[in-house]
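Worksheet: the structure to be examined is printed underneath.
Each reported figure results from applying straightforward, stated rules to the coordinates on display, with no laboratory input. A quick note: this is a predicted structure, and the numbers were derived from the prediction, not measured. Reconstructed Cβ throughout: ideal geometry from the backbone, glycine too, with neighbour counts over all protein chains shown.
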């Protein structure tokens, strides 16, 4: 009897998820040419053209190289920018010659996404290297 109840609950959850409106599943994507190699969550990406897509109902993004060589799904957290000028941009934390993707702003509103600092970025920070912020504007 308990097994049947668990199956019914699981089936109900699947039906509920399938009924989520398409607007909640909307994908926000940006394309950018990044002129330097960078790291996102301990994954190294070479300089190049990328799309970064976020599925609205999920707390993750996918970064794809337009040449099809590199891609990764990464966890993100919501971010707010009360002083935004409305321009779409990617924000990187720079330590010496290392760049770490930190934020993605689509330019549609003041809401964006932030990538948590990776283990490697925390190690670089702990080593006392100076941090600079670099923004790549998206056209």
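Shape annotation for the range 22-137: C-alpha extents along the principal axes are 45, 35, 23 Å, from largest to smallest. Between residue 70 and residue 134, the modelled labels are 1.3 nm apart [label points 7 Å from Cα along Cα→Cβ]. Listed by Cβ neighbour count within 10 Å, with the fewest neighbours leading, 38, 92 appear as 92, 38.
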